[in-house]
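J.: The following block contains the structure, expressed as structure tokens.
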Amino acid sequence: MSFIFNPLTNWFSKQFFHHRSMAGYFEPVIQIFKPSWRDGYYRANVQSVTYIANKTVSIELKVESRWPTHKAGQHIELTIEINGRLVTRVFTIASSPNQAMHEGVIRLVIKQHDVGAFTPFLSRLTVNSWVNISKPKGTFLLPQSNAVTFFAAGSGITPFIAMLHQALHDEIPPIHLVYYAKPNEHLLVAELASLRNRLANFTFTLLSRSTDGDVAAKLPEFIGSQWLVCGPQDFYKTIKNYADTHQQSIESEHFSLVDLHTQGDEKAHFQVDHGGIKFTADNQQPLLAQFQANKINVPYGCGMGICHQCQCVKKKGVVRDIRNGKLSDYGEELIQLCVSQVVSDVEFKA
Ligand code: FES
């Protein structure tokens, strides 16, 4: 559809329909023929939703043919509609590029939380329903090296599973996986055992902190190999601190906590990124006024949260709704600039 929706029509759309693009304006019409079609997203069809462990779900998605195949270790943004709102979270793909190329299928393995704005709703996904995904992103890839050690914790196993499946088709260096989880909660153990049988260069160790001690004690054994780490922040920090003091090279994929500033009366400043244009905003004025002060033109109308013309896609970061003090989610969602204030660094789609 790109031949219909070009920069000229998008300009026309901004001027006359107060919409970011012409394709976005016609979205509801296109969705009659293509469910879940959304401007700027890829579509994916749910093939299966399977519980592989307590609170861990494996979701297979058939991706549309124009989706650019991922590299093992990369992640995507998964967007689903929850109670009429689009909500997005980032997940690493837990299957090989080879499978995506030949079958058009990717797999996500996701730990569900009891509360939250996204993962509890994954059980509502049904076979043959549609979701939206982004193109693959990230630089956490299997390096060229003489020897590699993977350090995984919990659901941090997913990029390594993708790399190991891809290794069935590629040359790989010797790899050892050190995998931490609570006792009996290691994920995809049968799959790891099968990969070990098929890959001459691959071995793994399953460990639990309560019975085997902290990962820090295991690290000296692996000095000299290239380290790849995927897991929660404290797991990553332990390994990173050790690596820094021993000049050990390390690559990592971890999700850091957002630094929120929720004391509204105390002035604070944050970075705003609007499609690459960056400026500093404070937590006292509405974002619309601060966009205008920085000469970033965005559509707007009433300036009081009624007309929705100032809607903008927030990709990352948290904002507060001035009307009720409610904080947004961290991930991607539509917000109204005229009634939002920043409470963390924030990134917007231009
Ligand atoms: S300008 Fe009308 S809702 Fe923001």
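Read-outs: derived from the displayed coordinates by stated rules, not from any lab. All of these numbers come straight from a predicted model, not from anything done at the bench. When we count neighbours, we look across all protein chains shown, and the Cβ atoms used for this are built from the backbone with ideal geometry, even at glycine.
J.: To the nearest µm²/s, what D does Stokes-Einstein give for the stretch 114-182 at 10 °C and 1.306 mPa s, using the Kirkwood radius over alpha carbon pairs as Rh?
T.: 105
J.: Now, a different point. What are the extents of the Cα atoms of the chain along their three principal axes, listed from largest to smallest and rounded to whole Å?
T.: Between the extreme Cα coordinates on each principal axis of the chain lie 63, 50, 36 Å.
J.: Please give the direction-averaged projected area of the C-alpha convex hull for the stretch 51-127, in square nanometres with one decimal.
T.: 5.5
J.: With point charges of +1 on the Cβ of Lys and Arg and -1 on the Cβ of Asp and Glu, referenced to the Cα centre of the chain, which listed residue (Ala289, Gly303, Gly317) lies farthest in the positive direction of the dipole?
T.: Of the candidates, Gly303 comes out farthest on the positive side.
J.: Is the C-alpha gyration tensor of the stretch 269-348 telling us rounded, prolate or oblate? Criteria: a/c under 1.5 is rounded; beyond that, a/b larger than b/c is prolate, otherwise oblate.
T.: rounded
J.: Let me ask something additional. Tell me the angle of helix 189-198 to the major Cα principal axis of the chain, expressed in degrees between 0 and 90 and rounded to the nearest ten.
T.: With rounding to tens, the tilt is 60 degrees.
J.: Would you calculate a helix-derived [θ] at 222 nm for the chain, using -39,500 (n - 2.57) for each DSSP H run of n ≥ 4 and dividing by the full residue count, to the nearest 500?
T.: Working: 9 runs with 68 residues, N = 350.
Counting only the DSSP helices, I get -5000 deg cm²/dmol.
J.: With every atom except the alpha carbons ignored, what do you get for Rg and Dmax of the stretch 136-218, in angstroms?
T.: So, for the stretch 136-218, Rg and Dmax equal 12.8, 37 Å respectively.
J.: May I pose another question? Over the Cα atoms, compute the radius of gyration (one decimal) and Dmax (the largest Cα-Cα distance, rounded to a whole number) for the stretch 304-350, in Å.
T.: Every Cα atom of the stretch 304-350 included, Rg and Dmax give 9.7, 26 Å.
J.: While we're on this one: With the Cα gyration tensor of the stretch 191-326 in hand, give its eigenvalues times 5 under a square root as the equivalent ellipsoid semi-axes, listed largest first in whole angstrom.
T.: For the stretch 191-326, the semi-axes come out at 47, 18, 16 Å.
J.: Ranked highest first by the average count of other Cβ atoms within 10 Å around their residues, in what order do 114-123, 313-322, 40-49 fall?
T.: Answer by packing, highest mean first, reads 313-322, 40-49, 114-123.
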